[in-house]
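The values are calculated or read from the model by the stated rules, or taken from the named source; none is laboratory data. Note that the structure is a prediction, hence the values are computed from the model and not measured. Using ideal geometry, Cβ is built from the backbone for each residue, glycine included, and neighbour counts are taken over all protein chains shown.
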Amino acid sequence: MRVFLDATAVPADRGGVGRYVDELVPELDRLGQSLVIAAQARDGDLYARLAPSAEIVTVPPALERRPFRMAWEQTGLPTLARRVRADVVHSPHYTMPLAAGAPVVVTLHDATFFTTPELHLRSKAAFFRNAIRTASRRAAALVVPSRATRDEVLRLVGGEPTRFHVAYHGVDHDRFHAVGPEERRRVRSTLDVGDSPYVAFLGTLEPRKNVSALVHAWVLACEDREDPPALVLAGGRGWDTTIDAAIADVPSHLTVRRPGYLPLEDLPGFLAGATVVAYPSLGEGFGLPVLEAMACGATVLTTRELSLPEVGGDAVAYCGTDDRSIAEALSELLDSPERRRTLADAAVERAAGFTWAAAAEVHVQAYEAALRDG
């Protein structure tokens, strides 16, 4: 079976979608899947390294611009898929070609464009709602990263349940694992927090991640503490302007750091070195930062929204989404080293069950179903 995987939608700044494609591709290659990968010119060498057996086709740099890429998806992609004799086309980021010349598998990463549209840019929410509706009606098979995402799409949009394939994200256990004190110190030295303990957040600074509430909650949790932890907000800057206002109100004796994107090689030390990794999201399709923190032996605090309990199970602490609830749960963890150790040990054990190899096997099942039924 020859699979044409369209990676042209992967942005230069690797967010969740980029990490998903980058981790999936080598596992598909190891399974012996015959792959043709369409990629932006900047990513051609990367995918050649990740999947040595794959055929890599790069597209013109103009396709970095979304309008041009969307037009190419409907015209150039079908032509290319036919030229390489694709049996199945995999569109890994919501949208799909309407006349691909082969059955199409689409990955839907979450349903928050329907459930919490106010947390997205209005134009973006409308665009992706339409893409999800189209894929639910027309794709031969759909891949989703959690049961929660599958159930929300079925509830809100409809579709045939048997066409949905739940492929939990994995974690790169060669990279994300507990690291020693020397590596934690090395990463700490780049964060400008001195010897202070710190609470970590990892993710795009956008409304859905509820970062402003975390800032307010952390301030509440630090009241009357002799050695308050710093707060380190790592990740790309989104469009949540309330974060700036929240940080402006932080008392001067407390330390907030925003280092931006951290290099991939620094993430294990960053996560493992945190007293608590806080991820009070308002909703996720999966929640990869939670899983990666668990694999590193971190104590994780998150919410029960959508997919997050499927990831965390009994190995993380939970809170509500409001300032007070986050603050209370954070305070309890800061005050209980024993509970932090118990959760950290459980987190490593649970994270071991999430692998990209298992995710790739589900994708192959989706490809086979699309070829059979599409």
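Tabulated values for the structure
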{"item": "Subset of segment 101-128 [in contact with a strand residue (DSSP E or B) (Cβ under 7 Å, 6 or more places away or on another chain) and not aliphatic (A, V, I, L, M)]", "result": "PRO103, THR107"}
{"item": "Condition met for ALA213 (touching a residue at least 12 places away in the same chain (Cβ under 8 Å), closer than 25 Å to ALA272 by Cβ and of a type in the set (Gly, Ala, Ser))", "result": "yes"}
{"item": "Segment 27-56, residues that are touching a residue at least 60 places away in the same chain (Cβ under 8 Å) and buried (at least 19 other Cβ atoms within 10 Å of the Cβ)", "result": "GLU27, LEU28, GLN33"}
{"item": "Flag for VAL187 being of a type outside the set (D, E, K, R), part of a strand (DSSP E or B) and at pLDDT 95 or above", "result": "no"}
{"item": "Every residue from segment 268-278 that is within 26 Å of GLY320 (Cα to Cα), under 19 Å from the mean Cα position of the chain (by Cα) and not aromatic (Phe, Trp, Tyr)", "result": "LEU271, ALA272, VAL277, ALA278"}
{"item": "Check on ARG138, over 20 Å from ILE37 (Cβ atoms), at pLDDT 95 or above and surrounded by fewer than 21 Cβ atoms within 10 Å (Cβ to Cβ)", "result": "yes"}
{"item": "Given (1) of a type in the set (Lys, Arg); (2) more than 18 Å from VAL300 (Cβ to Cβ); (3) modelled with pLDDT of 95 or more, number of the condition LYS124 does not satisfy", "result": "(3)"}
{"item": "Condition check for SER53: polar (S, T, N, Q), under 27 Å from GLY374 (Cα atoms) and out of contact with any helix residue (DSSP H, G or I) (no Cβ under 8 Å at 6 or more places or on another chain)", "result": "no"}
{"item": "Residue in segment 107-118 that is modelled with pLDDT of 95 or more, farther than 22 Å from ALA370 by Cβ and assigned by TED's automatic domain parsing to the domain that holds ARG19 present", "result": "no"}
{"item": "Options PRO268, PRO197, PRO228; residue that is farther than 22 Å from ALA315 by Cβ and either at pLDDT below 95 or assigned by TED's automatic domain parsing to the domain that holds ARG304 (or both)", "result": "PRO228"}
{"item": "Complete set of residues in segment 118-137 that are of a type in the set (D, E, K, R) and within 20 Å of ARG150 (Cα to Cα)", "result": "ARG129, ARG133, ARG137"}
{"item": "Only one of GLY273, GLY313, GLY283, GLY320 that is touching a residue at least 12 places away in the same chain (Cβ under 8 Å), touching a strand residue (DSSP E or B) at 6+ places or on another chain (Cβ under 8 Å) and within 30 Å of GLU152 (Cβ to Cβ)", "result": "GLY320"}
{"item": "Hey, SER123 in contact with a helix residue (DSSP H, G or I) (Cβ under 6 Å, 6 or more places away or on another chain) and polar (S, T, N, Q) or not", "result": "no"}
{"item": "Residue in segment 59-81 that is more than 18 Å from ALA167 (Cβ to Cβ), under 19 Å from the mean Cα position of the chain (by Cα) and either aliphatic (A, V, I, L, M) or buried (at least 17 other Cβ atoms within 10 Å of the Cβ) (or both) present", "result": "no"}
{"item": "Filter pass, PHE201 being part of a loop (DSSP other than H, G, I, E, B) and among the hydrophobic types (A, V, I, L, M, F, W, C)", "result": "no"}
{"item": "Conditions (1) part of a loop (DSSP other than H, G, I, E, B); (2) touching a residue at least 12 places away in the same chain (Cβ under 8 Å); (3) not aromatic (Phe, Trp, Tyr): number failed by GLY353", "result": "(2)"}
